[in-house]
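Only one structure is covered here, and it is reproduced in the block below.
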């Protein structure tokens, strides 16, 4: 290893200059004034006082209530629809069926395959077959009940493996196999021949509901100039606009989408606002009045996207010393009724490809083969949910690594030390990780904080009755920043005003993650002003530059870079003006704390606003426009080889649990989660992402599941669909490490999704360690744990 | 349908309203009084986003027929802020601890914490978690919320 | 409106003609009688409002009994504990009397929903809803509680073991009658009790199995004179396993007895396979564990040393 490499491996190392890719990134940690501070969130004062308005808090003037008639059948032909009675009900203003769609009768985040209103057939329980707009919510609901639909039920398919069979009922014209992707590296058969130990396991995960606390709502307004405004909580206003326009038969320029603060999104509000936006806009266009659709909680569960369920078969081989030599995986990925965010956007976009790329885990394995099948079924559809295909495969690979370690007689810590990525490692897709690889650092930091050595010895029975056993577990993970599509770019505008105040325009949305604090921090840092000097404009497609969706843990990094570019454009003017005013060469002009000063003589200084005013007075440009796209992704469709994502965040979690071996109940006693985030722009907000993510991973591990029976969801409300309460989540200890990303603002990379991913397997591994039973199908609820202990022949003796 | 005339104290002021049979308190607050800080998340008393205080105790306003507030004293999140604009120590503590993310559960969390601290000024962690167990949060993992309540408690003791 | 339609389409509005707030029991009965089965009683409302929203039943009016004075007391009369019909779960859980004399009821009340629910949901309402998983009903069954029901014809007192008829159905007709109080004998020095509950999460949890027992032992604390064992939701109604109780009667207070009884309880119960609560097989196993643990705790509370 060269010295350079050793340097980079150190925690808290900041990047050197990389002029070829990001000419403007040049900084030292000590120079940062605003970025890196745990500042209070900009929207907190409105949130703690109840003044912040969410979507459902708006009642547009003279608005109509929109409602959707949903299919009770998982798969059926529509023979006829009779809307006469509904139309005659007093107070009903419009009843729309498929023939009322003026443009494209389809929407979708990737492929527009979901009908705005079903025409000839329905494909899941909840598919929309008619729309109603009425003067009151009650009338709208009564009208729905009066619509007569004559269905001819068709055989339905509920398992992705059944869906691939030749005689399976065909859900879409294109066939049930939506995507087949493969990854080939080395020769797996030869790898298994070398292996001393080979194990094979199957893991399964169910549909999951996001349970953002704020139910979906959207409002659509027809405007006299022929444009349509769509408002609501939405993670991806540009995607909504891209869908609403063709449905209404309008050019994109005539549809305006405005984002309202979200009460949580977690990927779910990428899809649902497209669905509701198209439908509300259609009703608004037909009636000429504003239309609001608010979903009740049960309707959110029935109608909106879920986390994809998967069946994952893995065969893994290792040498006696734990060195991994071969990995073979098959993924049966269930898409449900519509394509949503599942299929591939070349080269490496879409959740399915992401699952495939992530499946072998953050380990060096010379021989890898993955076959990934994405199939339609007559279930609700899988979309984006915090981790986008990664939580599922982490659940599998992190468990099989532990099962393999047990077979080899080495500790879970050792097998990870042996195989984890480090700087220069080659991934299963052949990508050489050439910068910002802090995985091993997270493993060691986590082990140290958690006191792994001590805790891993203090396992076994903890009570005299011998009913409660303690155990520890590790979960490791990696997650991309960016989305791996061709068009993954962010735009930002920065306007500086003569009084020193600043407007920042971006299309990145706030859903609780803190973008509206972190992005102004980056802007303020660049301009040497304070966060309160920067006002972030609420995302509005008529005002802000295209920014792509707020997904893929991309906002801080990609938008951060765009903001830096925009701010530096303005800064050119400011530097010129200040150089004249201070009578110093431009390279000596510096900005900090609202001051512009001479680097060599700090007392020679001006107020930032004085400089801004001079720019204004002398006609210098005070508008900056930034645009940043990550380096191009690549992934060979035949071999799955290439560089799908430009940088990754790394993490290790450790959990200590107690299992009641008689009932299967689990208590989480202690939890540490360590991350290499590149650079924490707002450490406290980042901790919040970690703690919340772990809680979500805990729910996936222990209690969450969308229960389906013949295509019908059995737990649509929050009593039956359980998410963790304050009594279920332990006191999580976050550990933040910074191995700088050369391509991120101040070294940052994404964090939004990573925290929930390794949490699930860390808890599952701890459970197995505690009770001797291994649960390979989520959720590991008390019953599954109970039977797993039975299957293992009872708890261990000691 | 016959409306009932209600009078009660809302955020310190006497108010009156004509209410339809089984209007839920949450809808009365949001629609008639425009107090939209009280949120609707499930309408079945599971998420706790609609929590309000009635005579100092926390209740789910989504399950409470508005008629039950007749003659009572109701406090919503909007009522915690003083007339001079100053915030309740809990509101300050939530901001300082980073206990707010999407903010949808925040009013319910703060009001449950308020009910707790009024009965028990020095709660331990378990008591805090118990008091907050009827408000679901999907963003924070609860840790910073628990911390905020602890901080507010020790703040008001000192 | 079809079952399928209402499960897929939700509305926030509940339609109702009248919301009535009587000031006396007599007024309440009259109001119910005026509506002749089309009005229903509401106490805390946490079940009624959910049922109305889910359109499980329809009514024209609600009669809210929460303003009737004198129904929210917890009193001791001799050895008898009397809870008014409007006593809430929070009140019960916090009551010094209940914690001292019927701790199994206090702890069970803390398992209900969340603090906000417990503050308004009444034990009486919990019983009248007739759900097999009703947390209050199981320990009250074990305590051999009796309930007083008043109607136009006067008052009758019904032992709780005869109270539950079927899923959602009890001897109380909430469109005509009022559950006015619950009473049971406080536990004596030779008695012990315990309620245990299993669920997937620690608050707001859907119960998988709930078990409550009350035991009475002899003066020497060696022999079980009597044991009351109540279970839910492992049948359409919460119930006392009296076959089991006769088996345990007179047996020595040993772990061996507990194991035998637990095995029997498990064999005799008939939970259905539930996609949300768990399989029949698992819940039977859990009945075994919970019955044994409850008995052990209760016997220790009664002063026995188990081996």
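Structure summary
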item: Fraction of antiparallel bridges per DSSP, chain B only, in percent to nearest 5; result: 90
item: Gyration tensor (Cα) of segment A:300-340, equivalent ellipsoid semi-axes in angstrom; result: 36, 10, 6
item: More than 17 angstrom apart: percent of Cα pairs within segment B:59-136; result: 52
item: Overall form of chain A per C-alpha gyration tensor (a/c, 1.5; a/b vs b/c); result: oblate
item: Residue mean of other protein chain beta carbons inside 10 Å, A:777-788; result: 3
item: Calculated [θ] (222 nm, deg cm²/dmol) that DSSP helices of n ≥ 4 give over chain A, each run adding -39,500 (n - 2.57); result: -8500 deg cm²/dmol
item: Degrees, to the nearest 10: C:280-301 long Cα axis against longest axis of chain C; result: 70
item: Calculated FRET efficiency for the pair residue B:126/residue C:254, C-beta based, R₀ 35 Å, to 0.05; result: 0.50
item: Label-point separation in nm, residue A:201 to residue A:82, each point 7 Å along Cα→Cβ; result: 5.8
item: Estimated 222 nm signal from helices in chain C, with DSSP H stretches of n ≥ 4 weighted -39500 (n - 2.57), rounded to 500; result: -9000 deg cm²/dmol
item: P(r) tail fraction, segment B:1-83 - alpha-carbon pairs more than 19 Å apart, %; result: 28
item: Percentage relative contact order, segment B:79-155, counting C-alpha pairs under 8 Å, at least six apart; result: 44
item: On Cα atoms only, tilt of C:255-268 relative to the major axis of chain C in degrees; result: 40
item: Within segment C:47-79, backbone nitrogen closer than 16 Å to the virtual label 7 Å beyond the Cα of residue B:2 toward Cβ; result: C:60-64
item: Cα Rg, Dmax, segment A:221-304, angstrom units; result: 12.3, 37
item: Chain C - Kirkwood radius from inverse mean 1/r over Cα pairs (Å); result: 20.0
item: Approximate spin-label separation residue A:709-residue C:76, in nm, with each point projected 7 Å along Cα-to-Cβ; result: 4.7
item: Cα-based helix-to-principal-axis angle, C:25-35 vs chain C, degrees rounded to 10; result: 60
item: Cα centroid of segment A:120-189 to Cα centroid of segment A:403-431, whole Å; result: 40
item: Burial ordering of A:746, A:373, fewest other beta-carbon atoms within 10 Å first; result: A:373, A:746
item: Label point distance in nm, residue A:501-residue C:167, each placed 7 Å from Cα along Cα→Cβ; result: 6.2
item: Other protein chain Cβ atoms within 10 Å, averaged over every residue that makes up A:295-301; result: 5
item: Gained length - residue A:177 relative to residue A:623, 0.36 nm times residue gap less alpha-carbon distance; result: 155.7 nm
item: Relative contact order of chain C, pairs being alpha-carbon contacts under 8 Å that are 6 or more residues apart, as %; result: 15
item: Measure of compaction for segment A:585-654 (Cα Rg per 2.2 N^0.38 Å); result: 2.03
item: Förster radius 41 Å - calculated FRET efficiency between residue C:148 and residue A:148, Cβ distance, rounded to 0.05; result: 0.25
item: Rounded if a/c under 1.5, otherwise prolate or oblate - segment A:27-102, Cα gyration tensor axes; result: prolate
item: Cα-based shape type of segment A:51-203, given that a ≥ b ≥ c are square roots of the gyration tensor eigenvalues and the cut on a/c is 1.5; result: prolate
item: Equivalent-ellipsoid semi-axes of chain B, from the Cα gyration tensor, Å, largest first; result: 28, 16, 13
item: Percent RCO, i.e. relative contact order, over chain A, from Cα pairs under 8 Å lying at least 6 residues apart; result: 16
item: For A:221, A:645, order by how many other beta-carbon atoms lie within 10 Å, fewest first; result: A:221, A:645
item: Translational diffusion of segment C:1-95, µm² s⁻¹ [Kirkwood Rh, Cα pairs; Stokes-Einstein; 25 °C; 0.890 mPa s]; result: 160
item: Segment A:157-276: antiparallel DSSP beta bridges as a percent of all, rounded to 5; result: 45
item: Alpha-carbon radius of gyration plus Dmax, which is the widest Cα pair, for segment C:158-301 in Å; result: 16.0, 50
item: For peptides C:225-231, B:60-66, sequence by mean Cβ density within 10 Å, most packed first; result: B:60-66, C:225-231
item: Length added when fully stretched, residue A:464-residue A:59, from 0.36 nm per residue minus Cα-Cα; result: 139.7 nm
item: Antiparallel DSSP beta bridges within segment A:318-451, as percent of all bridges there, nearest 5; result: 30
item: Between segment A:443-462 and segment A:545-572, the alpha-carbon center distance in angstrom; result: 41
item: Viscosity 0.890 mPa s, 25 °C: Kirkwood-radius Stokes-Einstein D of segment A:150-206 over Cα pairs, µm²/s; result: 159
item: Rg/Rh (Cα only; Kirkwood hydrodynamic radius) as it applies to segment A:520-635; result: 1.04
item: Separation between Cα centres of segment A:312-328 and segment C:146-206, rounded to whole Å; result: 59
item: Cα pair distances in segment C:29-148, grouped into 10 Å bins until the bin that holds the longest one, percent each; result: 13, 44, 31, 11, 1
item: For peptides A:508-520, A:605-617, B:118-130, C:100-112, sequence by mean Cβ density within 10 Å, most packed first; result: A:508-520, C:100-112, A:605-617, B:118-130
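Here, each number is a calculation from the coordinates, and none is a lab measurement. Please read all numbers here as calculations on a predicted model, not as lab measurements. Note: ideal-geometry Cβ built from the backbone for every residue, glycine included; neighbour counts use all protein chains shown.
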